[in-house]
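Report on the structure given below.
Please treat every number below as a calculation from the coordinates, not as lab data. Please read all numbers here as calculations on a predicted model, not as lab measurements. Neighbour counts run over all protein chains shown; Cβ positions are idealised from the backbone, glycine included.
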Amino acid sequence: MKFKKVINALLALVLCFSLLPGIPVEAAGASTAKVYKWKQTDSRWNTIYPAKWSKGCAVTAIAIQIARTDLVRVDVSSASFNKKNGEGFNPGSFAKAMKLGDNLAVNWDVSKTVSGFKVATDSHFRKASDSKWNYYPADSKQAIVDAMAYFLEKGYYPIIEGPGSRWGSDKKSVHYVAVIKTTDDDVRVVDPADGKEKSLFSISLNGNKWSPANIDKCGKPKGYGCCRLYKVDESKLLETDDAATADGSNSTSDNVSELDASAYLKRCESIPTYCILKANLSKSEYIKSLPCSQETNKNSETIRQMEKDESFTAVALIKNTAGNYWYAVDLGNGKTGYMYAGATLFVKPIEEDPTFNDAVFSKTTYGKSLSMKGHITSQYTLITEVSTVLTDSDGKKQEVSTSTKTKDFVIYKSKIDSGLKFGKLSKGDATITFSVELTVYYSNDGKTISSSSYTKTHSWDFNVV
C-alpha cells in the first residue's frame with residue numbers, strides 16, 4: 001500500500017513536470033560524475049556571500065551542483081566568474097557575481113549568474129497531502145529515497161533543506177545540502193557544513209535528524225520538507241575543447257571525489273578500429289589515463305608526453321560523453337592510454353585476417369542442400385561486408401553478398417547461407433571463396449569521423465559426391 005501511494009504521488013508529479021520544457025533525460029548526479037566537496041566556511045569565499053545568505057550553505061550547495069555540469073569551468077583560484085564563457089567558477093566567484101544582482105533572493109533563481117542553471121520547481125515532503133503544493137509522501141525512509149531517485153533519473157539537481165531548518169530557538173536556523181545520488185536504501189548528499197559526502201539521514205542539527213519522524217517540523221509552510229529542483233538548459237552547455245584541456249591545464253585537485261573510470265568508459269561509445277597513428281605535437285603532447293571531457297579532466301592523469309613523429313597503435317576509437325573522439329592506444333605491457341584524436345594523424349589501417357570458426361567443410365552430397373555453419377570473427381576491426389563466390393566443377397558460379405556491421409558474423413541463416421544453392425552443384429571438385437571487407441574508423445579533428453576499408457579473402461576446395 002505504501003508503495004502504491006508513492007507511485008501515485010510520482011505520477012502526479014510527472015504530470016506537473018510535463019509542463020516544463022527541456023527536462024534532460026540523462027540522470028543527474030550519477031556516481032561517475034565529478035563532485036566538488038566544498039565547505040561553506042572555506043576562507044577563500046566565506047566572507048563574500050550575499051547578505052541574506054551569509055552563512056553560505058545554500059550558495060555552496062548550489063555551486064556544488066553547478067560545478068557538476070558542463071555549464072562552467074571550475075577554477076578554485078579564480079577571484080571572478082565570467083558569465084559569458086563560464087570560466088573561473090567556484091563558490092566565491094559565483095557568490096561575488098551573484099551578489100551584484102542578488103537574484104538568489106527571488107525564487108532561488110541563479111540564472112542571471114549561470115544562465116543555463118534554472119529552477120524547475122519546488123517539491124516538498126510531508127505526511128499529509130495538500131493540493132496547493134507538489135508533495136511526496138514521507139511516511140517512510142524508503143519513500144524519501146524513491147522520490148529522490150526519481151528526481152535524479154529525470155535529470156534534476158536537488159538542493160534540499162536539511163534538519164534544523166527553522167527548528168532553532170529563533171526559528172530561523174536553515175541549512176541546505178546538495179543531493180548527488182541515491183543507493184537502494186539511502187540518499188547521498190554533500191554537506192557544505194564540512195564538505196563531506198554522507199547520508200541525508202545521518203545529518204543532525206539542533207538535535208534533530210532529517211527523518212520521516214521529524215518531517216513535519218521542516219520547511220515553510222510548516223509541515224513541509226523543501227526541495228528545490230534545478231534543471232540544465234542544454235543549449236547553454238559549454239563546447240568542450242578537449243585539445244585545450246587534454247594536458248589537464250584546466251584541472252584542479254580541490255577535493256574532487258574519485259571518478260569510477262570503468263563506469264565512465266561504459267558510458268562512452270567504443271567504435272572498432274585498428275590503425276597506425278602519428279602524434280601531431282602542434283595540438284597536444286600528452287597521453288591520458290581517460291578520454292577527457294569536462295567530467296573527467298580532474299581525474300584523468302597524464303601518463304607521459306608524446307615524442308615527435310612517434311607512432312601509436314590504436315585499438316579503439318572512443319566517443320566520450322562530451323561528443324569528442326579519443327583513441328585508445330596500446331602502450332604495451334597490457335596498458336592502455338588515451339589520445340585526443342584531434343592531436344593525431346591517421347596513417348593507415350592495420351590489416352588483420354578474419355578468423356573462420358567451424359566454417360570449413362570438405363564435402364557435400366550431390367543434389368542436397370547444405371546449411372552452412374560457423375562464423376567469421378575479427379579482433380579489433382568491424383566486418384562491414386561479406387561476399388562469396390561458389391564455383392562447381394563445370395565452372396558455374398553463384399555469387400552472394402551481404403552488408404553487416406559486426407566483429408562476429410554468423411554464417412548460419414545469413415543471406416550467404418540462404419543464397420548459396422549447394423544442391424545445384426555438379427559432381428566433382430568445387431571451390432568457395434569468401435571476400436570479407438573490414439573497416440577501420442578514425443578522426444583527424446576529434447569532432448568528425450571517417451573510415452578506411454580493406455578486403456581479405458579466404459577460400460577452400462571441397463568435393464560434391
If I take R0 = 30 Å and measure r between the Cβ atoms of GLU153 and LYS198 in this structure, what FRET efficiency does the formula 1/(1 + (r/R0)^6) give, to the nearest 0.05?
0.90
Which percent of the Cα-Cα distances in segment 310-465 go past 22 Å?
51
Past the 23 Å Cα-Cα mark, which pairs from LYS348/LYS415; LYS363/LYS424; LYS83/LYS196; LYS266/LYS407; LYS141/LYS198?
LYS348/LYS415; LYS83/LYS196
Difference of contour (0.36 nm per residue) and Cα-Cα distance, LEU345 to ASP429
25.4 nm
Taking the alpha-carbon centre of each part, the distance from segment 181-200 to segment 365-392 in Å is 56
For segment 335-380, run through the trypsin sites (Lys or Arg not before Pro) and keep only the ones in DSSP coil with at most 15 other Cβ atoms within 10 Å of their Cβ.
LYS368, LYS373
Return TRP326, TRP460, TRP108, TRP38 ranked ascending by Cβ neighbour count within 10 Å, so the fewest neighbours appear first.
TRP460, TRP108, TRP38, TRP326
Spin-label point model (7 Å from Cα, Cβ direction): what's the LYS112 to LYS447 distance in nm?
3.5
Residue separation times 0.36 nm, minus the C-alpha to C-alpha distance between TYR454 and LYS397: what's the value?
18.1 nm
Ratio of Rg to Rh for segment 374-465, alpha carbon only, Kirkwood?
1.10
